[in-house]
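Inspection log for the structure reproduced underneath, given as structure tokens.
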């Protein structure tokens, strides 16, 4: 270290003796901060140094922002092509051009931040709901009650859109719709005396929804006691809430990206794209919250849980290579098998999300899945037999299982 320090000191004295660091720039940056950093390299910590910049009026910075006035002055003064011009006029013109570029960049960053702030505000609302779901406390149950109440009220009011008189109310249809979508038995809505108006029907339906929610929580709690797992009701409630929030929020983010890419065309209609983006994003977010409330209410009130018995793990049976069939011989499709479960404590909730497609179980050979599952994979054949396996190409993986190519393993020299 001492030797390196002495060498650095000698180099420093040599540079100082030559006059320090001299910087020659052929272009000015659009940001004054970058130019000042470069200038600072030539005179750090009291060392001597010098910097000079040679510019052209045809540079991008001067051509776009600052060359008109200087060009007119050069024409009046009779300056020739290639003549060097120095003075305060040129320096001030360059600074003004840099200020205009910096202001333009600042406005672009500010505009970008305003677009991002719209999504950030919506993200705070969704993440607050996810926090309730993760904490699994009484706040989650209170939020679930609010969602169920809002979904049921909206369903009642939308069902009677266009019905101006009580005689036009389809009370039986409302009862069937609520029972079909949410499993809420609101029989009192058919009684014109008990629920004469829409507001009264909303109260009746909300009361039935509260009772349905309590029954579902008690059902989950009793199930947890039977299988010896505490707080099953909170776990299931949290899982349903998180699943609905994550599914709908991902779709909403994709829709916002599509809106942001297309909103700039509103400027052709003399409209501010940012204002239009905020307005439509707010409408989309309201639709998102309504969709979350309805989907959560439907899934939770319809949910059923069950415990599957333990099943032994299927043994690892190495599959043998079947003889290849002649060309043109039709092959039979494998029959589906029942996928194994993961244990007695697994909870199977239903009904599945509407967006989830039916996925066939993994096949395990012929039959209906009563036998052990066979994982079809060609295992290593052994080091002695690897050299005599027919039909293995030189660039194919070696059958011995080493991971090398056949020509560099047991096929070497063949």
Legend entry - Yes/no for residue 235 being in contact with a strand residue (DSSP E or B) (Cβ under 9 Å, 6 or more places away or on another chain), part of a helix (DSSP H, G or I) and at pLDDT below 95: yes
Inset, instruction - Restrict the check to the stretch 17-27 and report whether at least one residue is under 15 Å from residue 91 (Cα atoms) and without any contact (Cβ under 8 Å) to a residue 24 or more places away in the chain. - result: no
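Yes or no, residue by residue, for (1) in contact with a helix residue (DSSP H, G or I) (Cβ under 9 Å, 6 or more places away or on another chain); (2) under 23 Å from residue 296 (Cα atoms); (3) at pLDDT below 90; (4) not in a helix (DSSP H, G or I):
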site	(1), (2), (3), (4)
161	no, no, yes, yes
167	no, no, yes, no
176	no, yes, no, no
195	yes, no, yes, yes
202	yes, yes, no, no
Legend entry - Residue that is surrounded by the most Cβ atoms within 10 Å (Cβ to Cβ) [pool: residues in the stretch 106-136 that are touching a residue at least 24 places away in the same chain (Cβ under 8 Å) and farther than 17 Å from residue 292 by Cβ]: 118
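Give 75, 47 a once-over and let me know the one that is over 16 Å from residue 101 (Cα atoms), modelled with pLDDT of 75 or more and over 44 Å from the mean Cα position of the chain (by Cα).
Numbers: 75 fails: modelled with pLDDT of 75 or more.
Being over 16 Å from residue 101 (Cα atoms), modelled with pLDDT of 75 or more and over 44 Å from the mean Cα position of the chain (by Cα) holds for just one of 75, 47, which is 47.
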Legend entry - Per-region count, the stretch 10-49, residues assigned to a loop (DSSP other than H, G, I, E, B) and touching a strand residue (DSSP E or B) at 6+ places or on another chain (Cβ under 9 Å): 10
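The values are calculated or read from the model by the stated rules, or taken from the named source; none is laboratory data. Just so you know, these numbers come straight off a predicted model, no measurement behind them. A quick note on method: Cβ atoms are made from the backbone with ideal geometry, for glycine too, and the neighbour counts reach across all protein chains shown.
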